[in-house]
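Asker: I am attaching a structure below and will ask some questions about it afterwards.
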Amino acid sequence: MPNAALPNSFIDSLVKILGRENVLTDPYDLDRYSGDALSPSRAFGAEDSFERLADVVARPGSTEDVSAVLKLANESGAPVIPYGGGTGVMGAVVPVMGGIVLDLQRMNEILAINPTDMTAEVEAGVILEDLESALALQGLMPGHDPYSVPIATVAGTISTNGVGYRAGAHGPMGDQVVALEAVLADGRVMSTRAVPNQSSGPSLKHLFIGSEGVFGVITKATIRVFRMPEARVFAGVAFDTFHQGFNAAAEMFALGVRPTLVDLTEEDDGVTFHLLFEGFKEGVQANEKRALAVCAQFGGRMLGPDPTMAYWEDRRQSAEKYKVSALGKPRSVRWSRWRGRRGFDYLHLGLPISRVLEYRRRCDVIMAKSGVRVIEYAIWSRPELFSMLIVPEGGTATASKDRLGETVQQVLELAQDMGGVMEYCHGVGVKLNHLLAREMGVGQDVVQALKQALDPNNIMNPGKLGL
Ligand SMILES: Cc1cc2nc3c(=O)[nH]c(=O)nc-3n(C[C@H](O)[C@H](O)[C@H](O)COP(=O)(O)OP(=O)(O)OC[C@H]3O[C@@H](n4cnc5c(N)ncnc54)[C@H](O)[C@@H]3O)c2cc1C
C-alpha cells in the first residue's frame, strides 16, 4: 500500500513502466530498502534521518526504464534514491525525504570484456564478485578489491569512490572508471567516451565519481581491468612502533616502489605491515627487494609470507558474514547486530603525508581526555590514508555513545583543520552530511550550482552531500 506522499496514480504509472513485479510497496520491502549498513547507533546526531521510509521501491531493468522513471519522478518532484548493494556505511541510501528507492540490481549484465582495450563494460548493478569471476575466465581481474566484493555493486562503489586491498597499485574505484553512461534527473542519457584521458573539454565522468547519486543515475560503466599477475609475492614485516612502519611506507612511495597491498596496522599485539607485490616477474622481484630493504632500514623484522597470506585469505569474511546475517533484511534485524554493545566507530581520514603522525598524536590527546580508546590504527593503500577503530571506555551506554559522538566530531574536524579530508572511502551519507560544507568551502557553492543546473527539482537523492 503506497503512503500519502506518492499518490496511487503515481504508483500505477511506475507499474506501467516497470511491470507489477518490479514495483514494491509492501511495508516489509519499504523497510528493508530504507537504508544501508549504517545503524542509528553510529549516526551520531543524524538519527532523525531514519524517520521516513521509502514510499516505493522501483526495480528498472534497462537504461530506458531508468530514464522513464526519472522523467516521471521529475514531473512530480518525487525523490529518487539510487540503490546498489545497500552496503554503504554512511546512510547514503537512506530516503530522508521518502520517495522512490531505485534498486539497480536487475541491471546486472556484463556487456563486454575486452582484453585488448583492458576494459570491461558492465551494467550499474553488477556485483563486484560476479565481475571478478567473469574476468577470471579470461585471465583478467578488476583493480578494486574492497572487503565488500561479495555484496557491493560497480556503480555503488563508483558513487562512493571506494578503496580496496589492491589500491596501493591501482588506486580507488574512481581510478578504474574509463567511461560512464548516466541518466540525468530529467531522463536524458549522457555517456562519455571509453578512452583513458581527454583534453577535449572537462571530464564529466568525474562528476559522478564519489557523488552518491545526487547528479543522476549511473546505468553503465566501462572499467579498467588488469591481467592476472604473472607473479605474486606476500610479505609481512613487524615494527616496534607505528612511526617506523609509517616512515617505511612513506619512503617506499617516495622512491616509486608500488606494492599492490599496503596495510600497516597497530593493534594491542604489535605493529604489522602487510605487503603484496603483483605483476610481471622482474617488476615484482625488484619491488619486493627494495620494499623489504626500506623496511629493514626503518627497523622492520621480516615475518615471511605466511601471516600476510592468511590475512589475505580472510579479507572478505566480514562481507560474507554481513551477507548472511544482515543484507536485504529488515532494519530491525540489521540494527539489532549492535544492540547491547557499547558502540564503536571506524574513521578513515585522508591527510598530507607530512601531517599524519602529528594528527595521530593530537587525536591521542583528544581520545585520552574523552575516555575513548583506539583499538586499531592503520594506513591502507597509501601513507596519506589513515584509519582508527575506536571504542568508548566506562560510563553508561548512553553517556558513552554521546562521548563517542563528540569525540568523532572533534577528530573529523581536526583532520579538516590540518588540511585533510574527514573520509577517504565510504562517502558522506547522512552521517557526515553536516560536516561537508565545512570541508568543501567555496567548493560547496560549486556543487550547489551544478545541482541546481542538473536537477532543479532536487529529486536525486535529496538531503545528501550537504544539498
Ligand atoms: C562488510 C562490509 C565491508 C566493507 N568494506 C569496504 C571496503 O573495503 N572499502 C570500501 O570502500 N567500502 C567498504 N564497505 C562499504 C561499502 O561496501 C561501499 O561503500 C560500497 O562502495 C557501496 O556499494 P553499494 O553497491 O552497496 O552501494 P550503495 O550502498 O547501494 O550506495 C552507495 C551510494 O551510491 C549511490 N548509488 C548506488 N548505485 C548508483 C547508481 N547506479 N547511480 C548513482 N548512484 C548510485 C547510492 O545512492 C548511495 O549514495 C564495506 C561495507 C560492508 C558492509
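The values are calculated or read from the model by the stated rules, or taken from the named source; none is laboratory data. Here the structure is a predicted model, which means the values were calculated and not measured. Note that each Cβ is placed from the backbone with ideal geometry, even for glycine, and that neighbours are counted across all protein chains shown.
Asker: Among the residues that make up the stretch 313-324, is at least one of them closer than 24 Å to Phe50 by Cα and either outside any helix (DSSP H, G or I) or modelled with pLDDT under 95 (or both)?
Answerer: Within the stretch 313-324 (the criterion being closer than 24 Å to Phe50 by Cα and either outside any helix (DSSP H, G or I) or modelled with pLDDT under 95 (or both)), the answer is no, since none of the residues qualifies.
Asker: Go through the stretch 436-467 and report how many residues are among the acidic types (Asp, Glu) and assigned to a helix (DSSP H, G or I).
Answerer: Total meeting the criteria: 2.
Asker: Considering every residue within the stretch 293-312, establish whether at least one is within 16 Å of the ligand (Cβ to nearest atom) and either of a type in the set (Asp, Glu) or over 28 Å from the mean Cα position of the chain (by Cα) (or both).
Answerer: No, the conditions are met nowhere in the stretch 293-312.
Asker: Looking at the stretch 161-176 only, could you name the residues that are within 13 Å of the ligand (Cβ to nearest atom) and touching a strand residue (DSSP E or B) at 6+ places or on another chain (Cβ under 6 Å)?
Answerer: Correct list: Tyr165, Gln176.
Asker: Taking the stretch 143-160 as the region of interest, how many residues are surrounded by 24 or more Cβ atoms within 10 Å (Cβ to Cβ) and either hydroxyl-bearing (Ser, Thr, Tyr) or more than 8 Å from the ligand (Cβ to nearest atom) (or both)?
Answerer: Selection size over the stretch 143-160: 6.
Asker: Now, a different point. Is it true that Gly328 is within 14 Å of the ligand (Cβ to nearest atom) and either surrounded by 14 or more Cβ atoms within 10 Å (Cβ to Cβ) or at pLDDT 95 or above (or both)?
Answerer: Taking the combined requirement at face value, the residue satisfies it.
Asker: Among the listed residues Gly187, Gly174, Gly162, Gly156, identify the single one that is within 20 Å of Ala120 (Cα to Cα), part of a loop (DSSP other than H, G, I, E, B) and in contact (Cβ under 8 Å) with a residue 12 or more places away in the chain.
Answerer: Exactly one residue qualifies, and that residue is Gly162.
Yes/no per residue for (1) part of a helix (DSSP H, G or I); (2) in the same structural domain as Asp117 (by TED's automatic domain parsing); (3) buried (at least 18 other Cβ atoms within 10 Å of the Cβ):
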{"position": "Pro196", "(1), (2), (3)": "no, yes, no"}
{"position": "Pro202", "(1), (2), (3)": "no, yes, no"}
{"position": "Gly210", "(1), (2), (3)": "no, yes, yes"}
{"position": "Phe215", "(1), (2), (3)": "no, yes, yes"}
{"position": "Ile218", "(1), (2), (3)": "no, yes, yes"}
{"position": "Thr222", "(1), (2), (3)": "no, yes, yes"}
{"position": "Val262", "(1), (2), (3)": "no, no, yes"}
{"position": "Thr265", "(1), (2), (3)": "no, no, yes"}
{"position": "Val271", "(1), (2), (3)": "no, no, yes"}
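Asker: Something else now. Tell me yes or no: at least one residue of the stretch 405-414 is more than 19 Å from the chain's Cα centre (by Cα), of a type outside the set (D, E, K, R) and surrounded by fewer than 14 Cβ atoms within 10 Å (Cβ to Cβ).
Answerer: no
Asker: A follow-up question, please. Considering only the stretch 367-409, how many residues are touching a Lys or Arg at 6+ places or on another chain (Cβ under 9 Å), farther than 30 Å from Tyr165 by Cβ and of a type in the set (S, T, N, Q)?
Answerer: The qualifying residues number 2.
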